Amino acid sequence: MPELPEVEITTRRLDAALSETSVESALAPGMNVMKTFDPPLEALSGRRITGVRRIGKMPVVEFGDLALLIHLMSAGRLRVFDKRASSKDRASRVLIRLDDGRELRLREFGTKQRAWARLLAADGVDEDESVARLGPEAWPAPPLDRFAELIDQPRYLHPLLRHQADISGIGRSWVDEILWEAMLSPFKKGSELSDEEIERLHAALHVLGDAIDHYEATIPEQLPDKVPMPLKIHKREGDPCPRCGSTIEAVFFSEYQTNYCPKEQTGGRVLKDRRLSRLLK
Ligand SMILES: [Zn+2]
């Protein structure tokens with residue numbers, strides 16, 4: 001699933017590739033993808049793309065005073081193609097056909113249709129419920145005192161950091177990297193952190209900035225479908241911890257997993273799957 005760094009590099013590359021390009025037509029082959037109907041998608045015809053940016057994990061494509069707010073969910077991808085999609089491409093959700101023959105395409109892989117888009121007045125984006133509910137951006141990190149406030153909750157850090165209403169942009173991959181960087185257990189509660197631990201966790205958010213820098217240096221102008229993520233811990237169970245050499249462990253849940261270094265994050269304890277999966281609801 002694309003998280004803050006992946007969506008950031010996507011929108012930067014799209015912004016560079018598409019700014020000032022005119023739209024010929026727009027359509028939504030994905031039956032349930034559009035969550036708004038007024039203005040209709042056809043209202044984009046003849047407009048220019050004025051910018052592509054990111055809010056939390058959501059890309060926003062701007063067309064003057066209209067904006068298309070997109071939620072990629074877990075399997076959505078936004079890319080520009082030199083040619084138009086075949087009508088048989090079942091992954092197509094939204095197609096923005098450009099005057100120069102290219103096409104901005106929202107696709108979604110897999111069988112589920114979860115990705116969505118909303119066409120809004122550009123000045124109404126911040127008031128949209130999906131945006132208004134978001135906590136501050138995880139990167140650039142909020143000021144330390146603001147971060148200390150939002151983290152002061154009796155909830156496990158792993159779900160807390162991924163809860164977009166508290167802090168936006170972090171998902172299941174980067175949360176593992178941030179907690180490893182901060183040397184904190186995913187099962188420590190926000191309200192249990194000492195001042196020093198809060199500072200460490202706050203400082204650890206730099207892994208998101210480092211990831212963006214990595215993508216800037218490695219991702220070509222033409223975005224690939226899949227961006228290899230520079231992860232050190234997530235899904236690396238069995239590998240040696242890059243910092244201390246201990247074996248990285250995992251806790252598996254039905255749809256995801258969390259990885260950690262027992263020596264540095266849980267006081268040497270290897271967490272039991274079953275017990276903790278109940279705890280981490
Ligand atoms: Zn370690």
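The values are calculated or read from the model by the stated rules, or taken from the named source; none is laboratory data. Model, not experiment: these values are computed from the prediction. Cβ placement follows ideal geometry from the backbone for every residue including glycine, while neighbour counts extend to all protein chains displayed. Heavy atoms of the whole protein, side chains included, go into the accessibility calculation; ligands, DNA and RNA do not. Shrake-Rupley method; radii C 1.70, N 1.55, O 1.52, S 1.80 Å.
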Open item on the list: Report the Cα centroid-to-centroid distance between the stretch 207-250 and the stretch 131-153 in angstrom, as an integer.
Closed with: 24 Å
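Taking 8 Å as the Cα distance limit and 6 or more residues as the minimum spacing, I'd like the relative contact order of the stretch 178-269 as a percentage. Mind showing how you got there, number by number?
Values: 95 pairs, mean separation 26.3, N = 92.
Contact order relative to length: 29 percent.
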Task: Residue-normalised accessible area of the chain, expressed per residue, 1.4 Å probe, Å² - done: 47 Å²
Task: Rh (Kirkwood; distinct C-alpha pairs) - the stretch 67-184, Å - done: 16.8 Å
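Which GluC sites (Glu not before Pro) in the stretch 206-273 sit in a loop by DSSP (not H, G, I, E or B) and have at most 16 other Cβ atoms within 10 Å of their own Cβ? The partial results should precede the final answer.
Values: sites: GLU216, GLU221, GLU237, GLU249, GLU255, GLU264; in loops: GLU221, GLU237, GLU255.
Counting only loop positions with at most 16 other Cβ atoms within 10 Å, the GluC sites (Glu not before Pro) in the stretch 206-273 are GLU221, GLU237, GLU255.
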Task: MRE, 222 nm, helices only [DSSP H, n ≥ 4, -39500 (n - 2.57), over the chain, to nearest 500] - done: -7500 deg cm²/dmol
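Could you tell me the convex hull volume per residue, in Å³, taken over the Cα atoms of the stretch 1-100? Please list the in-between numbers first.
Values: hull volume 9.8 nm³, N = 100.
So the per-residue hull volume is 98 Å³.
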Open item on the list: Restricting to Cα pairs below 8 Å that are 6+ residues apart, what does the relative contact order work out to for the stretch 8-154? Please round to a whole percent.
Closed with: 26 percent
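Chymotrypsin sites (Phe, Trp or Tyr not before Pro), restricted to the stretch 1-91: which are DSSP loop and have at most 13 other Cβ atoms within 10 Å?
Numbers: sites: PHE37, PHE63, PHE81; in loops: PHE37.
Within the stretch 1-91, the qualifying chymotrypsin sites (Phe, Trp or Tyr not before Pro) (loop, at most 13 other Cβ atoms within 10 Å) are PHE37.
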Task: Alpha-carbon centroid distance for the pair the stretch 76-115 / the stretch 3-33, whole angstrom - done: 10 Å
TODO: Treat every Asp and Glu Cβ in the chain as -1 and every Lys and Arg Cβ as +1, leave all other atoms uncharged, and give the resulting dipole magnitude about the Cα centre to the nearest 20 debye.
DONE: 1460 debye
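Enter the per residue convex hull volume of the chain, computed from alpha-carbon coordinates, in Å³ rounded to the nearest integer. Mind showing how you got there, number by number?
On the way: hull volume 37.8 nm³, N = 281.
About 134 Å³ per residue, rounded to a whole number.
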Task: Accessible surface of the chain [probe 1.4 Å, protein heavy atoms]: carbon and sulfur percent - done: 49 percent
- [ ] Quote the relative contact order of the chain in percent (integer), defining contacts as alpha-carbon pairs under 8 Å separated by 6+ residues.
- [x] 16 percent
Open item on the list: From the Cα trace of the stretch 12-66, what convex hull volume per residue do you get, rounded to a whole Å³?
Closed with: 100 Å³
